[in-house]
1. Can you find even one residue in region 274-281 that is at pLDDT 95 or above and touching a Gly at 6+ places or on another chain (Cβ under 8 Å)?
2. Has region 163-176 got any residue that is in contact with a strand residue (DSSP E or B) (Cβ under 9 Å, 6 or more places away or on another chain) and not hydrophobic (A, V, I, L, M, F, W, C)?
3. Can you work out which of the residues in region 260-271 that are among the polar types (S, T, N, Q) and free of Cβ contacts under 8 Å to residues at least 60 places away in the same chain is surrounded by the most Cβ atoms within 10 Å (Cβ to Cβ)?
4. Looking at Thr53, Thr45, Thr57, which one is open to solvent by 80 Å² or more (accessible area, probe 1.4 Å) and hydroxyl-bearing (Ser, Thr, Tyr)?
5. Inside region 217-263, can you point out the residues that are hydroxyl-bearing (Ser, Thr, Tyr) and closer than 19 Å to Val412 by Cα?
6. Go through region 272-289 and report how many residues are open to solvent by less than 10 Å² (accessible area, probe 1.4 Å) and either within 30 Å of Tyr129 (Cα to Cα) or among the acidic types (Asp, Glu) (or both).
7. I'd like to know if region 142-160 contains one or more residues that are in a strand (DSSP E or B) and not aliphatic (A, V, I, L, M).
8. Looking at this structure, is Ser356 part of a loop (DSSP other than H, G, I, E, B) and open to solvent by 10 Å² or more (accessible area, probe 1.4 Å)?
Amino acid sequence: MSIAGTDQESQGSRYRQIAEQIKQAIHEGTLLPDTRLPSVRTLATQYNVSLTTALKTLRSLEDEHYAVARPKSGFFVAPLIRPQRDKPVVIEQSRQIAQLDEQTELHLAMVGTDCRIRLDLANGASSLYPIKKIGLLMRQLGYTKPFLLGNTVKGTGYSPLKAEIARRAFDYGCNINPDDILITNGCIEAISLSLRATVKPGDVVAVESPCYFVLLQMLHNLDLRVIEVEAGPEGYIHVEKLTTLFQRKAVKAFVTLANINNPLGKSIPNEKKAYIARQADENDVIIIEDDIFGDTAFGERRPFPMRAFTPNAILCSGFSKTVAPGMRIGWVCSSNYMRKIASLKYTSTMGTSVLSQAAIAELLRNGGYDAHLRKLRRELANQIGQMRRAVVRYFPPGTRVSDPEGGYVLWVEMPLQALNVRALFIKARNAGIGIAPGHIFATDHRYDHCFRLNAGFGWNEEVEQAIKQLAQWCRQSLAPGGA
């Protein structure tokens with residue numbers, strides 16, 4: 001993360017001092033797990049600080065998982081685990097994902113709908129994709145192979161496409177049997193089928209935090225409990241906290257975007273992936289991996305997925321982020337659960353459009369996909385860089401912005417957690433600017449001061465003016481007496 005400007009030292013040091021005193025009391029056992037912490041008003045009075053500073057203190061304790069917020073009840077001391085060397089690792093309890101409140105439901109419904117400046121999605125302008133080439137392939141195949149349209153859509157997918165997926169997987173460390181691949185209607189269906197095949201209502205699933213909002217709602221709809229494991233300072237999941245959950249048998253499955261996570265844009269290093277995979281296997285934890293952004297990585301070598309380090313991982317991916325958002329062709333690979341996954345697929349959507357599969361298979365076979373990826377990665381890296389520099393330049397001092405290793409999006413964290421990004425979201429939408437508000441990326445309020453920006457629609461004067469306008473609104477909100 002980069003910091004724009006210089007933080008106000010006095011204010012920052014004060015809330016940290018108070019937070020450290022509370023953490024020390026927790027470590028010493030003075031404040032036991034589930035003890036109610038002072039309210040914002042009480043804390044402000046006790047330490048003679050503003051309500052904003054008091055709230056920031058409690059929110060920082062929550063971010064570090066020393067505290068948990070309970071709706072209409074306040075803040076409480078979180079469960080505390082002491083591993084070797086008496087070094088505390090705070091593990092969050094599992095929680096049922098609550099029904100969306102009306103405001104959050106409205107915001108989720110608005111993200112992705114038409115607006116003047118698209119900073120809210122996680123894909124790009126049509127010019128980024130080989131749409132003409134894929135359209136030509138579909139027309140040619142429809143003419144030369146009419147059975148692709150005329151035959152009944154059944155089975156696990158178009159065999160040439162599954163063979164191409166397996167061939168490419170070898171390049172990123174995965175030895176995959178095409179018979180273990182099933183083609184789906186997008187990566188989202190692949191993840192849904194994987195969850196339904198492996199866990200049951202009431203089971204506990206670990207996810208990265210911040211977490212892709214569609215995944216959170218999927219877990220809610222499947223009646224699963226969730227533990228959100230926050231990212232460390234490097235931008236990927238806190239590995240020690242995650243593997244402690246494995247060792248304690250606290251979770252049944254771990255759902256991950258190990259490569260180019262959404263919304264932070266970071267990848268877990270290979271040695272960490274190997275350790276997580278080993279711990280998962282030793283503790284019978286199922287890994288379900290969403291690798292939809294893996295092919296957008298900016299580096300010269302595509303990062304390895306978790307599946308490269310354990311054949312037990314279920315690997316899900318697709319082509320909506322690389323070939324065309326409108327082509328809902330995804331896939332899932334599993335060595336252990338394919339029979340169950342295929343059965344669920346047949347009784348839900350039965351099959352996936354074969355003509356689209358055939359066109360993508362030909363694009364992969366003739367080398368067009370690799371040539372396209374090289375161009376796509378260059379364009380995305382350039383667009384992400386321009387938008388990131390603009391955020392650092394225009395936003396208030398103390399603003400933090402992620403430094404993605406691939407993908408389309410940036411994660412922006414404002415310096416004061418009291419900033420109402422929900423109100424900013426509505427104000428921006430009314431002005432024709434789409435952003436994704438941070439609160440939809442968690443089951444609580446921990447990201448109310450954050451939002452996600454999409455750089456995939458290019459960099460131009462209109463986009464820069466939108467960034468300036470967002471920055472101006474944030475400055476006004478953070479100013480003394482600001483809304």
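1. No, region 274-281 contains no residue that is at pLDDT 95 or above and touching a Gly at 6+ places or on another chain (Cβ under 8 Å).
2. No, there is no match, as no residue in region 163-176 is in contact with a strand residue (DSSP E or B) (Cβ under 9 Å, 6 or more places away or on another chain) and not hydrophobic (A, V, I, L, M, F, W, C).
3. Going through the qualifying residues, I end up with Asn261.
4. Thr45
5. Tyr236
6. Within region 272-289, residues that are open to solvent by less than 10 Å² (accessible area, probe 1.4 Å) and either within 30 Å of Tyr129 (Cα to Cα) or among the acidic types (Asp, Glu) (or both) number 2.
7. So the first thing to find is which residues in region 142-160 are in a strand (DSSP E or B), and the list is none.
There is no residue in region 142-160 that is in a strand (DSSP E or B) and not aliphatic (A, V, I, L, M).
8. It is false that Ser356 is part of a loop (DSSP other than H, G, I, E, B) and open to solvent by 10 Å² or more (accessible area, probe 1.4 Å).
The values are calculated or read from the model by the stated rules, or taken from the named source; none is laboratory data. All of these numbers come straight from a predicted model, not from anything done at the bench. When we count neighbours, we look across all protein chains shown, and the Cβ atoms used for this are built from the backbone with ideal geometry, even at glycine. SASA here: full protein model, heavy atoms, side chains in, ligands and nucleic acids out. Shrake-Rupley method; radii C 1.70, N 1.55, O 1.52, S 1.80 Å.
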